[in-house]
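These notes are about the structure you will find just below.
The values are calculated or read from the model by the stated rules, or taken from the named source; none is laboratory data. As the structure is a prediction and not an experimental result, all values here were calculated from the model. Glycine gets a Cβ as well: all are built from the backbone with ideal geometry, and neighbour counts include every protein chain shown.
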Protein chains: 2
Amino acid sequence: MALTLFAYFRSSASWRVRMALALKGLPYDYRGVHLVRNVQHDVALGGEAQQVPSLILGDGTRLTQSLAILDYLEEVHPHPPLLPTDPVQRAFVRSLAQDIACDVHPLQNLRVLRHLVGPLKLDEDAKTAWARHWIERGLAVVDARLRASPHFGGSFCQGDEPGYADCVLLPQVFNARRFGADLSALSAVQAVTLACEAHPLIAATHPSQCPDAE
Amino acid sequence: MALTLFAYFRSSASWRVRMALALKGLPYDYRGVHLVRNVQHDVALGGEAQQVPSLILGDGTRLTQSLAILDYLEEVHPHPPLLPTDPVQRAFVRSLAQDIACDVHPLQNLRVLRHLVGPLKLDEDAKTAWARHWIERGLAVVDARLRASPHFGGSFCQGDEPGYADCVLLPQVFNARRFGADLSALSAVQAVTLACEAHPLIAATHPSQCPDAE
């Protein structure tokens, strides 16, 4: 099955999907969509609007929303797994991913930051402070939850192999660094970041390695 | 298994879980957490922080994040199903839910609106305009995707029975009305809303029916 990923190198939601595809060993064609030059991410969709990320299946079906794509990949290509088998543990891992995908990322993505400096007339410093505020709060929650988890052993979010939550956490840490957020007290988040960065399959998915990287 | 739901009657993420529990016929104890008087939603967690919604299982395990809870309920109590069986259709339904849970709801929830009028010093009109902006854009995306779906027949989001995406859409429409968003052109969203409001199990989960309703 030929997969095509519409993505943007700096989009952290796109990176989640790149990580999942890499961890499952699934090849795909990469199509860069330049979000800064185009506002396609915001266009009310049809199949044509290149919402990023979107994954095109061999029959032309377009899947959108990064976490829905991760669940799809897990269901259709279960090995290696990105989620544990126990329902309570699965819920924990998914909730960590949503702590970021619902409570952090939406507040600091491109369209929202543009709205802050456009219609709301915030200056660049206030925009950056806004992004840092939500990132630091949200990742502190993730850090506390990881440290309290019996399944966090100091490397990946759950167990000894990277999975679903790691695919969401690492890209958010990348954004945190871009905005100068202070993560120095977040020992668990730091440990996961180091483990991910040392993993060859994950390292190959870094934004700097994307065909459309600038 | 005795379930306890920590919720707030006006929290749309809490309503998602109330709908899922009702549709699956699962009884639970309801514990109201007053989000307007308490800022517990924002507290870096431990088990004690009453993040809303959270579902406490019979053994004391606390599940958080509404969509992770919906997936947990689907996995442990599969009948009646909230998701289709086909992986592509499941991905579509989950992506509709995330169009709201990731792209709309986080931008208009209580802590963000408080931040806009607090540190950012927006007035009430600007706050409401912000909420309406993201709600109208986001629900227009959902509407377009529903109308383009071969599985949308003019009642619920997917097929003839309410499910996962309906649990997310109806509460967002409730918020849309509170903020005076204009949904008049969104025929599919309107149809789903009517179908949900006419469904007895769903009607019983309306915020006005909650023990902590004001």
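Couple of notes before you dig in:
- Members of the range B:101-120 found to be under 13 Å from the mean Cα position of the chain (by Cα) and more than 10 Å from chain A (Cβ to nearest Cβ), listed by number: B:108
- Some residue of the range B:88-99 being acidic (Asp, Glu) and surrounded by fewer than 24 Cβ atoms within 10 Å (Cβ to Cβ): no
Here is a yes/no grid of residues against (1) crowded, with 21+ Cβ neighbours inside 10 Å; (2) touching a Leu at 6+ places or on another chain (Cβ under 7 Å):
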| site | (1), (2) |
| --- | --- |
| B:130 | yes, yes |
| B:144 | no, yes |
| B:156 | yes, no |
| B:174 | no, no |
| B:195 | no, no |
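- Check on residue A:103, within 19 Å of residue B:94 (Cα to Cα), in the same structural domain as residue A:157 (by TED's automatic domain parsing) and either free of Cβ contacts under 8 Å to residues at least 60 places away in the same chain or in a helix (DSSP H, G or I) (or both): yes
- Among the residues of the range B:150-171, the ones that are more than 20 Å from residue B:74 (Cβ to Cβ) and within 13 Å of another protein chain (Cβ to nearest Cβ) come to 1 in all.
- Meets criteria (modelled with pLDDT of 95 or more, over 14 Å from residue B:103 (Cβ atoms) and of a type in the set (S, T, N, Q)) for residue A:98: no
- Summed over the range B:135-149, residues that are of a type outside the set (Lys, Arg), at the interface with another protein chain (Cβ under 8 Å from one of its Cβ atoms) and either in contact with a Cys (Cβ under 8 Å, 6 or more places away or on another chain) or closer than 21 Å to residue A:115 by Cα (or both) total 2.
- Counting the residues of the range A:34-77 that are part of a helix (DSSP H, G or I), modelled with pLDDT of 95 or more and not hydroxyl-bearing (Ser, Thr, Tyr) gives 9.
- Taking the conditions (1) under 22 Å from residue A:102 (Cα atoms); (2) in a loop (DSSP other than H, G, I, E, B); (3) not small (Gly, Ala, Ser) in turn, residue B:121 satisfies each one other than (1).
- Subset of the range B:75-87 [in contact with a helix residue (DSSP H, G or I) (Cβ under 7 Å, 6 or more places away or on another chain) and over 15 Å from residue B:162 (Cβ atoms)]: B:75, B:76, B:87
- Restricted to the range A:80-94, and to residues there that are touching a residue at least 40 places away in the same chain (Cβ under 8 Å) and either on the phi > 0 side of the Ramachandran plot or not in a helix (DSSP H, G or I) (or both), the residue that is farthest from the other protein chains (Cβ to nearest Cβ) is A:80.
- Flag for residue B:82 being touching a Cys at 6+ places or on another chain (Cβ under 8 Å), of a type outside the set (Gly, Ala, Ser) and modelled with pLDDT of 95 or more: yes
- Hey, residue B:159 modelled with pLDDT under 95 and closer than 23 Å to residue B:95 by Cα or not: yes
- Among the residues of the range A:58-79, those identified as more than 7 Å from every other protein chain (Cβ to nearest Cβ) and more than 23 Å from residue A:173 (Cβ to Cβ) are A:58, A:59, A:60, A:62, A:77, A:78, A:79.
- Within the range A:132-152, the set of residues being in a helix (DSSP H, G or I) and either small (Gly, Ala, Ser) or touching a Phe, Trp or Tyr at 6+ places or on another chain (Cβ under 7 Å) (or both) comprises A:132, A:135, A:138, A:140, A:144, A:146.
- Scoring residue A:129 on the criteria (1) under 18 Å from the mean Cα position of the chain (by Cα); (2) in a helix (DSSP H, G or I); (3) facing chain B (nearest Cβ under 9 Å); (4) of a type outside the set (Lys, Arg) leaves a single failure, condition (1).
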